[in-house]
Amino acid sequence: MTFQAIAGKAGAALALTAVALSAQAANTMCVFDIIGASGDAFNMAKDYAVAMQKNGVTVELKGFTNESAAVDEFRAGKCDALMATAFRTRQFNGVAGSIDTLGATTVVRDGKVDMPASYEVVRKVVQTFSSPQAAKMMVEGAYEVGGIVPFGAAYPMVNNRAIDSVEALAGKKIAALEYDQAQAMMVQRVGGKPVAVDINNLSAKFNGGEVDMIAAPTLAYKPLELNKGIGAKGGIARFPLLILTYQVVLNQSKFPAGFGEKSRDHWVGEFDRAMKLVQNADASIPAATWMDVSPDHVKKYTNILRESRIAITNQGVYNKQGLKVIKKVRCAASPTEADCASPSEEG
């Protein structure tokens, strides 16, 4: 055998080894998108994978239309990362999950909810959590938060406009995510009857009349055909119960040192893209479907959310450290809010 032939075989072996090592280095991310591979979340995940490739990490996406299945795969170690709603990812990091807390990021001024200011609070909280100074807070046990992106406000959607006050909620069947203890507790506090749901059967129960009210972002309105549940008598109240986020969670041991920070930086840069999707979804809602909320009711709802948030936090459901950061950001934006002089939320 000639030297050239030996060298050629050695080169081929090295090439195969390189391919094998590359395959071994690929990380799988379970991505939940109720629409599937054509959905906005999955599309953002695809761009994330391209961006991380430039950082030397290959991320292969595994799509799920069932969020519970995505989380189960991640927990079982079949995926190295997870992209899902914060309601599901809160179990892996309570600090980051505190963003999706009842009324925590909502700015109220002169009896009205200031949505642009509220989203700016979310932006600043995401930037804070994504900063190098907060890196330790983004790690909990074996898991690290790899990014946070807004998914829009969760608005009350009702099948009857007569459900327009706290008093009117008494006895009504209200959807509560079965894996988010806080929702059922909130429903009970206002005298409603919590009905356990998950994201995959939420629309069926609302559209089928099994519940009178749900809380959902406008991004879900068209895909889940929520207009059917709202019908001719219902509407969407312009009062966010909370602002939702999608979050990326990493099994820290599966990624190179420092990857989490690069990952978080990427998602900070996607904030405006996500907000454009939210704004487009808001604008797509028929004007007649919206229900305005009076200043008196805004004040009453805000107080109820705050009281519920404190009570639920004291029961250990919400993370006090995360809420302390969020409150600091919100009160910097709107220092005259009644609770900004009180330390009760951070225990």
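The values are calculated or read from the model by the stated rules, or taken from the named source; none is laboratory data. This structure is a prediction, so every number in the text was calculated from the model and none was measured. Cβ placement follows ideal geometry from the backbone for every residue including glycine, while neighbour counts extend to all protein chains displayed.
Which of the residues spanning the range 204-227 are of a type in the set (D, E, K, R) and in contact (Cβ under 8 Å) with a residue 24 or more places away in the chain?
Listed by number, the residues that qualify are 205, 210, 212, 222.
Here are the criteria: (1) part of a helix (DSSP H, G or I); (2) modelled with pLDDT under 95; (3) more than 30 Å from residue 221 (Cβ to Cβ). Tell me which single one residue 52 does not satisfy.
Failed condition: (2).
Is there a residue being more than 19 Å from residue 92 (Cβ to Cβ), of a type in the set (Phe, Trp, Tyr) and either assigned to a helix (DSSP H, G or I) or at pLDDT 95 or above (or both) anywhere in the range 26-45?
yes
Of the numbered conditions (1) free of Cβ contacts under 8 Å to residues at least 12 places away in the same chain; (2) touching a His at 6+ places or on another chain (Cβ under 9 Å), residue 257 fails exactly one; give the number of that condition.
(2)
Within the range 222-242, which residues are among the aliphatic types (A, V, I, L, M) and touching an Asp or Glu at 6+ places or on another chain (Cβ under 7 Å)?
Correct list: 242 only.
If only one of 69, 86 is among the small types (Gly, Ala, Ser) and touching a residue at least 60 places away in the same chain (Cβ under 8 Å), which one is it?
Matching residue, one of 69, 86: 86.
Restricting attention to the range 204-218, and to residues there that are under 18 Å from the mean Cα position of the chain (by Cα) and not hydrophobic (A, V, I, L, M, F, W, C), which single residue is surrounded by the fewest Cβ atoms within 10 Å (Cβ to Cβ)?
217
So that you can scan it fast, the table gives a plain yes or no per residue for (1) free of Cβ contacts under 8 Å to residues at least 60 places away in the same chain; (2) charged (D, E, K, R); (3) not in a loop (DSSP other than H, G, I, E, B):
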| position | (1), (2), (3) |
| --- | --- |
| 298 | no, no, yes |
| 306 | no, yes, yes |
| 309 | no, yes, yes |
| 312 | no, no, yes |
| 316 | yes, no, no |
| 321 | no, no, yes |
| 324 | yes, yes, yes |
| 339 | yes, yes, yes |
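Looking at the range 89-97, is at least one residue under 22 Å from residue 320 (Cα atoms), part of a strand (DSSP E or B), touching a residue at least 60 places away in the same chain (Cβ under 8 Å) and within 13 Å of the chain's Cα centre (by Cα)?
Checking the range 89-97: not a single residue is under 22 Å from residue 320 (Cα atoms), part of a strand (DSSP E or B), touching a residue at least 60 places away in the same chain (Cβ under 8 Å) and within 13 Å of the chain's Cα centre (by Cα).
Applying the selection to the range 220-248, what residues are charged (D, E, K, R) and either on the phi < 0 side of the Ramachandran plot or touching a Pro at 6+ places or on another chain (Cβ under 8 Å) (or both)?
Hits for the range 220-248 are 222, 228, 233, 238.
For (1) in contact with a helix residue (DSSP H, G or I) (Cβ under 8 Å, 6 or more places away or on another chain); (2) small (Gly, Ala, Ser); (3) over 20 Å from residue 326 (Cβ atoms); (4) surrounded by fewer than 18 Cβ atoms within 10 Å (Cβ to Cβ), each residue gets a yes or a no:
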| position | (1), (2), (3), (4) |
| --- | --- |
| 247 | yes, no, no, no |
| 252 | yes, no, yes, no |
| 260 | yes, yes, yes, no |
| 276 | no, no, yes, yes |
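Here are some residues: 343, 286, 295, 335. Which one is more than 19 Å from the chain's Cα centre (by Cα), closer than 22 Å to residue 151 by Cβ, exposed (fewer than 12 other Cβ atoms within 10 Å of the Cβ) and not hydrophobic (A, V, I, L, M, F, W, C)?
286
Is it the case that the range 214-224 has a residue that's among the polar types (S, T, N, Q) and under 30 Å from residue 135 (Cβ atoms)?
Within the range 214-224, not a single residue is among the polar types (S, T, N, Q) and under 30 Å from residue 135 (Cβ atoms).
Go over the candidates 194, 240 one by one and state the one that is under 19 Å from the mean Cα position of the chain (by Cα) and either surrounded by fewer than 22 Cβ atoms within 10 Å (Cβ to Cβ) or part of a loop (DSSP other than H, G, I, E, B) (or both).
Unique residue meeting the criteria: 240.
Take residue 58 and decide whether it is closer than 23 Å to residue 242 by Cα, among the hydroxyl-bearing types (Ser, Thr, Tyr), touching a helix residue (DSSP H, G or I) at 6+ places or on another chain (Cβ under 8 Å) and modelled with pLDDT of 95 or more.
No.
Give the number of residues within the range 162-185 that are over 12 Å from residue 199 (Cβ atoms), surrounded by fewer than 21 Cβ atoms within 10 Å (Cβ to Cβ) and either at pLDDT below 90 or among the acidic types (Asp, Glu) (or both).
Selection size over the range 162-185: 7.
Filter the range 181-217 for residues that are over 20 Å from residue 89 (Cβ atoms) and touching a Phe, Trp or Tyr at 6+ places or on another chain (Cβ under 7 Å) and give the result.
Selection gives 214 alone.
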